[in-house]
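Here the structure comes first, spelled out in structure tokens, and everything after it is commentary.
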Amino acid sequence: MPSLKQGSVLTETPGNIFLHNKRTTNKVSARHLTHLLAAFLLIGLAYRVYQGAPFSDFARTHHVSTRVSIDQSALKPLSSPDLESFQQCSIKNLFDTDLYFLKDVGPVSFSEYQSRRDRLANALVEDGADAFLIEPGYTFKYYANVSQAEWEVWEPEERPFVMVVRPTIEPGSGKVVSNTTFLCPSFEAERARLLSMPFAEPIQIIPWEEHWSPYATLRSSGIFEDLDHTPRLMVDEEMRDFIQRGFLQEGFDVIGLGGRVEAVRQTKSQEEVDILRAVNTGTVEAVRQMRKCLYPGLTENQIMEVLDNTIRAAEMEPFFDIVLFDENASNPHGGTNGTNVLESETFVLIDVGAHLHGYSSDICRTFFPPFLKKPTVLHDLSPQLEKKLKVWDIVFEAQTASIHQMRASASAASVDLAARGVITDAGYGEAFTHRVGHGIVIKAHESPYLNKGNTRTLLERGMAFTSEPGIYLVDEFGVRHEDILLVQKNSDPILLTGERAQGPWDP
């Protein structure tokens, strides 16, 4: 992650240098100052024009100063040097916010990981399971801070490395707490220890040799010897089929993820809420500040490049970015080549996600570029512009309806139907082609899923969801608004994206 020094001195521009010198013993008269500045601007302008850059680019380039230092190594090279001033403008705007969304937010604490495993242990008791088995991946990352790539940088391999979390009774307190063991290839045991997973004591490893069955090794390890029944193992949804079959064939009772165990990850702690708020608010802010720098002629791909680097400059890492203009946005997730050119009445749809401390953002905004003047009256608009404004408002109203419905004890289906009813009543029901939302935490898309068929899932306080209704008109344009919300018990959810869009000129 780039190191950001908040509150550091502004980078000096040539103008600042002249003013600084005037305050020293080497004083410069006002007339000389004027002449020097004029000469500098003319020389700079001539050089930029020689390179084929417009004067507006030159002005933007020489207005960039920040209160925070930028680690340039965090940015990816641009496809064209002509985008440099656009990128500087975008990053400067974001840093002028002082990156308020990152304040007082840090990585997940050691105690949080222990709390998660203990909550998992209690959930296993409620669900009647003797252990929860996890391979390196998102769930492993959630409970032990190791991703699949951090364990196997090449590719998922055939040797099972499995975390086994069991409930046990803590001596003295009588509380149910977690007991964690790792089924690990013996030659990898030391590497597993070197992962520095968040455990108070050295990790417990059940090693298996290459010529052994890892499944039989777990069965004979003795960790289930106090049971008077066949060990019942709940396996994570990411566990590969051949490993599940291996445990089944060894005589274990294997069941899929569900019940209270699945709910552990769905319900967010305060630490998780803080990170989710930071990364989602920061991603929205990056889009808003980048928008101010847009100019005619940019392509979808070029905007994506600059937005991604703007996000990287602010300590976040983008993992997907969809930028679509007008008719391209009628396909919700794009698929076109990104070469459409920005014009004044272009409707821009941006759906983008980033990671911060392992947590995901997933937000979407639809807006006009800043060089299209906002009309003061609605008559005299072109029919297409008037239609875009109307559809933008309908989608916003649909999102509002879904937000009011999103509270504890409401069904997942009811949230979707609330938004869908608004869009259907407006005559665009067939153009709303996907569910209204999904859960979000370390994965951008997690259960529960807010679709009109999910009548059995009831929302619980502390769950976080997207609300992202949309209308997609083939060969015309698409509109989608997406924000992240935290479910409350008896009130509307808490917004985790800072502020909802205010209009197509203020996303």
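Under the Kirkwood approximation applied to all pairs of distinct alpha-carbon atoms, what is the hydrodynamic radius of the chain in Å?
Kirkwood radius, the chain: 25.8 Å.
In the range 110-265, what percent of the accessible surface is made up of carbon and sulfur (1.4 Å probe, ligands and nucleic acids excluded)?
49
Which one of 306, 174, 490 has its Cα pushed farthest toward the positive end of the charge dipole of the chain, where Lys and Arg give +1 and Asp and Glu give -1 at the Cβ?
Farthest towards the positive end: 306.
Over the chain, average the accessible area per residue using a 1.4 Å probe and give it in Å², no decimals.
On a per-residue basis, 46 Å².
What does the charge count around residue 179 come to, taking other residues whose C-beta lies under 12 Å from its C-beta (Lys +1, Arg +1, Asp -1, Glu -1)?
-3
Can you list the cysteines of the chain that have no other Cys Cβ under 4.7 Å away?
184, 364
What Kirkwood radius, in Å to one decimal, follows from the Cα pairs of the range 295-338?
The Cα-based Kirkwood calculation yields 11.3 Å.
When only Cα pairs under 8 Å and 6 or more residues apart are kept, what is the percent relative contact order across the chain?
13
So how do 201-209, 109-117 stack up, highest first, on mean other-Cβ count within 10 Å?
Highest-to-lowest ranking by the protection proxy: 109-117, 201-209.
Expressed as a rounded percentage, what relative contact order does the range 110-265 have, with Cα pairs under 8 Å and six or more residues apart?
RCO, the range 110-265: 27 percent.
Bin by bin, in steps of 10 Å, what percent of the Cα pairs in the range 110-265 do you find, going until the bin that has the longest distance?
11, 43, 38, 8, 0
The values are calculated or read from the model by the stated rules, or taken from the named source; none is laboratory data. It should be emphasised that the depicted structure is a prediction, and the values quoted were computed from it without experimental measurement. All Cβ positions, even for glycine, are placed from backbone atoms using ideal geometry, and neighbour counts span all protein chains on display. Surface accessibility is based on the protein's heavy atoms, side chains included, excluding ligands, DNA and RNA. Shrake-Rupley method; radii C 1.70, N 1.55, O 1.52, S 1.80 Å.
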